[in-house]
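Participant: If you scroll down you'll find the structure; I have some questions about it.
Each value in this text was obtained by applying a stated rule to the coordinates, not by laboratory testing. Small disclaimer: the values here were computed from a predicted structure and weren't measured. Note that each Cβ is placed from the backbone with ideal geometry, even for glycine, and that neighbours are counted across all protein chains shown.
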Amino acid sequence: MRASPADQTILDRRNLDWYIDKVVQVLVFVGGISAIIFIIGIFVFITREGIGFIFSSWDPIEFFTSPRWAPTSSHNPTYGALALILGTASVTGLAMIVAVPFSLGAAIYIGEFASGKTRESLKVLVELLAAIPSVVWGFIGLSILNPLIIQWFNVPIGLNVLNAGVILGLMAAPIMTTIAEDALKAVPDTYREAAEAMGAARWQVIFKVVLPAAKPGLLAAVLLGVGRGFGETMAVLMASGHSINIPTSIFDSVRALTATIAAELGETAHGSDHYQALFVLGIFLFLITFLINLTADLVVRGIRNR
Amino acid sequence: MFEATEINMRHRRTEVLFRLLFGMMTILLILPVALILGILIYKGAPVLSLDFLLSEPTNGMTAGGIFPALVGTIWLVAVALIASLPVGVAAALYLSEYAPNNWLTRAINLAIINLAGVPSIVHALFGVGAFVLFFKFGTSILAASLTLAIMTLPVVIVSTREAMQAVPQAFREACWNMGATRWQTIRRVVLPNSISGILTGVILEVSRTVGETAPIMFTGAAFFLPFLPQSVFDQTMAMSLHLFVISTQVPNVPEGLPYGVALVLIAMVLSMNAISIAFRMYLRNKKKW
């Protein structure tokens with residue numbers, strides 16, 4: 001039996017609400033994929049500004065092996081980023097040495113030992129620490145830590161790997177603590193109960209059961225901390241001394257990749273080799289942090305799928 | 001009767017030891033920051049006054065107040081919020097209400113994580129390449145705010161999505177059973193029940209935006225401007241950049257001045273975070289389901 005045209009009109013649910021629903025669905029979908037659009041947009045636009053240099057005068061061997069970053073030299077400008085890469089790496093490395101043990105320790109204390117009010121207030125405190133802006137951290141390195149380092153270690157300059165590393169460590173620690181604590185919380189309570197039922201003491205439960213089970217999450221926390229260290233700009237610019245050096249001790253001043261862009265971009269002419277070279281540094285930073293974040297994500301996803 | 005054996009006692013001692021060790025580590029994480037905040041307040045408080053907040057910097061920024069920077073930061077944050085809020089809420093709606101469990105959703109989540117992880121100076125380069133040059137906004141509040149908006153978008157998306165996912169599925173099903181469309185369900189059920197959670201996310205985003213420096217350095221914030229911005233196409237001063245400038249670029253700044261600026265900046269950020277956290281706790285306590 002076929003429906004008459006009148007019946008079809010009744011069955012047709014495409015009223016105004018139906019159309020509004022469809023329009024919203026499209027708008028929301030566009031919003032949904034905006035993050036993908038933006039991440040691609042960032043790569044496209046920084047590449048667009050730097051690509052000319054990559055194909056004209058960029059020498060990858062010089063870029064990765066020469067410590068001479070002298071783009072403003074009038075007769076022989078060179079674009080070696082080795083010292084900058086090592087500067088970033090040394091500061092981030094020291095920051096991790098400072099921050100990783102304390103972050104993991106604090107996460108274990110907050111997640112496994114503390115309870116009730118103590119736990120809540122500690123979590124709030126850590127969250128507040130993570131909110132302090134990087135320019136304020138840079139200022140702290142510059143005006144509080146700088147004279148302390150000069151005084152304590154009897155060195156001429158207090159703006160060095162040590163200063164920037166400690167500042168960066170203090171910055172990264174709250175974030176790593178939060179993520180590590182989440183990773184510990186994700187370990188099912190049944191694991192703990194099973195171990196306790198076998199007669200294990202609290203510390204045995206933590207070291208033999210909880211930590212191994214949370215290992216990928218903890219690794220991701222450290223990786224995200226490293227990513228943060230690589231990308232940190234203002235604090236490193238202000239606390240590291242900003243002089244081009246291959247660091248041989250923690251009292252050497254260094255210059256970071258991010259800080260180089262921040263300090264020099266304002267002084268370059270649009271489209272010049274120097275300007276484009278700074279965008280190439282940006283592309284390099286983008287790719288490195290992308291890789292670090294991707295790895296952290298894969299590590300976390302690895303446990304979920306298992 | 002159960003008696004503590006030698007092995008029980010040993011375990012208990014070890015546990016106390018570890019509790020102390022990890023507790024110490026937690027304290028060592030928090031203590032230096034507390035000390036630093038103490039120093040900031042000690043050195044910055046004498047500079048603060050209503051006059052400091054409401055007057056212009058004078059004498060090559062070595063004296064006077066921070067009014068233009070304060071106003072500029074409010075401009076930047078407001079425009080960034082207007083730009084990022086609709087996009088962020090739409091993205092969260094998609095992820096919470098529409099997204100199927102497929103590769104696209106995984107890609108979106110990965111993109112959000114990466115967007116949050118892109119270095120701030122790379123966001124600045126993007127802002128220069130896209131907004132200042134390609135879209136020809138010039139160095140302006142608009143370009144700086146859009147850069148900030150994209151940078152802080154993950155904060156809005158993540159917290160809004162969490163608030164929406166906390167609305168029980170049964171609420172939605174009840175609404176659908178009444179014949180409501182998806183949008184009607186979202187408008188009448190999901191949004192009203194998650195609006196306060198969204199608000200805490202917004203406050204968090206604002207506090208993040210206030211402190212950012214690198215993304216606005218080359219896109220719209222100026223070292224010094226003797227006048228207040230009149231439209232989004234003007235440049236402006238900003239609190240965060242002002243702190244950077246007077247502590248590194250300007251000679252002969254009296255010692256207290258940058259401490260005062262740092263204190264105002266940190267007070268703005270921390271108070272907003274505290275409000276957001278308190279709000280979240282209040283909501284958790286009064287939750288009906």
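Participant: What does the average come to when, for each residue of peptide B:193-206, you count the partner chain Cβ atoms lying within 10 Å of its Cβ?
Facilitator: 0
Participant: Continuing with this model, one more query. Rounded to the nearest 500 deg cm²/dmol, what is the calculated helix-only ellipticity per residue at 222 nm for chain A, with -39500 (n - 2.57) per DSSP H run of length n ≥ 4?
Facilitator: After summing the helix terms and dividing by residue count, I get -22500 deg cm²/dmol.
Participant: Where in chain B are the DSSP H helices whose alpha-carbon span along the long axis reaches 15 Å or more and whose Kyte-Doolittle mean is at least 0.5?
Facilitator: Within chain B the helices that satisfy the rule are B:6-44, B:67-93, B:103-117, B:141-165, B:191-211, B:256-286.
Participant: What nm value, rounded to one decimal, do you get for the distance between B:R187 and B:T58 when each label is placed 7 Å out toward the C-beta?
Facilitator: Each label point lies 7 Å from its Cα, and together they span 5.6 nm.
Participant: What is the calculated FRET efficiency for B:R10 to B:A170, with r their C-beta to C-beta distance and R₀ = 60 Å, to the nearest 0.05? Kindly include the intermediate steps, with their values, before the conclusion.
Facilitator: Numbers: r = 51 Å, r/R0 = 0.85.
Approximately 0.75, to the nearest 0.05.
Participant: Run the quick spin-label model on A:N15 and A:S74: label points 7 Å from Cα toward the beta carbon, then report their separation in nm to one decimal.
Facilitator: Using points 7 Å along Cα→Cβ, the separation is 8.0 nm.
Participant: What is chain B's relative contact order, in percent, from Cα pairs under 8 angstrom and six or more apart in sequence?
Facilitator: 27
Participant: With a 10 Å Cβ neighbour count serving as the proxy for reagent exposure, in which order, fewest first, do A:Y79, A:Y19 appear?
Facilitator: Working: A:Y79 22, A:Y19 11.
Arranged by neighbour count, lowest to highest, A:Y79, A:Y19 become A:Y19, A:Y79.
Participant: As an exercise, use a Förster radius of 30 Å and the Cβ-Cβ distance of B:N252 and A:N154 to find the FRET efficiency, rounded to the nearest 0.05.
Facilitator: 0.65
Participant: With the crude spin-label approximation of a point 7 Å out along Cα→Cβ, what separation in nm comes out for B:L31 versus B:A274?
Facilitator: Calculated label separation equals 2.4 nm.
Participant: Within 14 Å, Cβ to Cβ, of A:L170, how many net charges do the neighbouring residues add up to if Lys/Arg are +1 and Asp/Glu are -1? Could you put the intermediate results ahead of the total?
Facilitator: Working: positive: A:R228; negative: A:E232.
The answer is 0.
Participant: Can you tell me which of A:88-94, A:126-132 comes out highest on packing, and rank the rest after it, using the mean Cβ neighbours within 10 Å?
Facilitator: A:88-94, A:126-132
Participant: Next question. Quick one: grab the alpha carbon gyration tensor of chain A, order the square roots of its eigenvalues as a ≥ b ≥ c, and give me rounded if a/c is under 1.5, else prolate or oblate depending on whether a/b is larger than b/c.
Facilitator: Numbers: a/c = 2.48, a/b = 1.20, b/c = 2.07.
Oblate, because a/c is 1.5 or more while a/b does not exceed b/c.
Participant: Next question, about the same structure. Suppose the chain between B:Y98 and B:V71 were pulled fully straight at 0.36 nm per residue; how much longer would it get relative to their current alpha carbon spacing?
Facilitator: Length gained between B:Y98 and B:V71: 5.8 nm.
Participant: Averaged over its residues, how many other protein chain Cβ atoms are within 10 Å of peptide A:269-279's Cβ atoms?
Facilitator: Mean partner-chain Cβ count within 10 Å for A:269-279: 1.
Participant: May I pose another question? With +1 on each Lys and Arg Cβ and -1 on each Asp and Glu Cβ, and nothing else charged, work out how big the dipole of chain A is about its Cα centre, in Debye to the nearest 20. It would help to have the intermediate numbers written out before the result.
Facilitator: Details: 19 positive and 21 negative charges, 146 e Å.
Dipole size: approximately 700 debye.
Participant: Would you mind calculating the relative contact order of chain A from Cα pairs under 8 angstrom and at least 6 residues apart, reporting the percent as a whole number?
Facilitator: Reported as a whole number, the value is 24 percent.
Participant: Sticking with this structure for a sec: Taking the Cβ of A:L294 as the center, what net charge do the other residues with Cβ under 13 Å away carry, scoring Lys and Arg +1 and Asp and Glu -1?
Facilitator: Working: positive: A:R301, B:R106; negative: A:D297.
Within the 13 Å Cβ shell, the charges total +1.
Participant: Okay, moving on. Using alpha carbons only, how many angstrom separate the centre of the stretch B:1-64 from the centre of the stretch A:37-105?
Facilitator: With the stretch B:1-64 and the stretch A:37-105 each reduced to a Cα centre, they are spaced 34 Å.
Participant: Among A:I244, B:I30, rank each residue by its count of other Cβ atoms within 10 Å, from fewest to most, as a rough exposure measure.
Facilitator: A:I244, B:I30
Participant: Same structure again: First measure r as the distance between the Cβ atoms of B:L21 and A:V30, then evaluate 1/(1 + (r/R0)^6) with R0 = 56 Å and state the FRET efficiency to the nearest 0.05.
Facilitator: 0.65
Participant: Anything in chain A that counts as a DSSP H helix reaching 15 Å or more along its axis (C-alpha) with Kyte-Doolittle mean of at least 0.0? List them, would you?
Facilitator: Going by DSSP H runs, the hits are A:16-32, A:34-55, A:82-108, A:116-130, A:161-185, A:211-231, A:273-305.
Participant: Let me have the 222 nm mean residue ellipticity of chain B computed from DSSP H runs of 4+ only, each contributing -39500 (n - 2.57), with the sum over all residues rounded to the nearest 500.
Facilitator: -23000 deg cm²/dmol
Participant: For the protein assembly as shown: lysine pairs with Cα atoms under 25 Å, gap of 8 or more or different chains, count?
Facilitator: Counting lysine pairs in the protein assembly as shown gives 15.
Participant: Under a 5 Å amide H to amide H cut-off, with H placed in plane at 1.01 Å, what residues pair with A:G80 once short-range neighbours are removed?
Facilitator: A:R68, A:W69, A:A70
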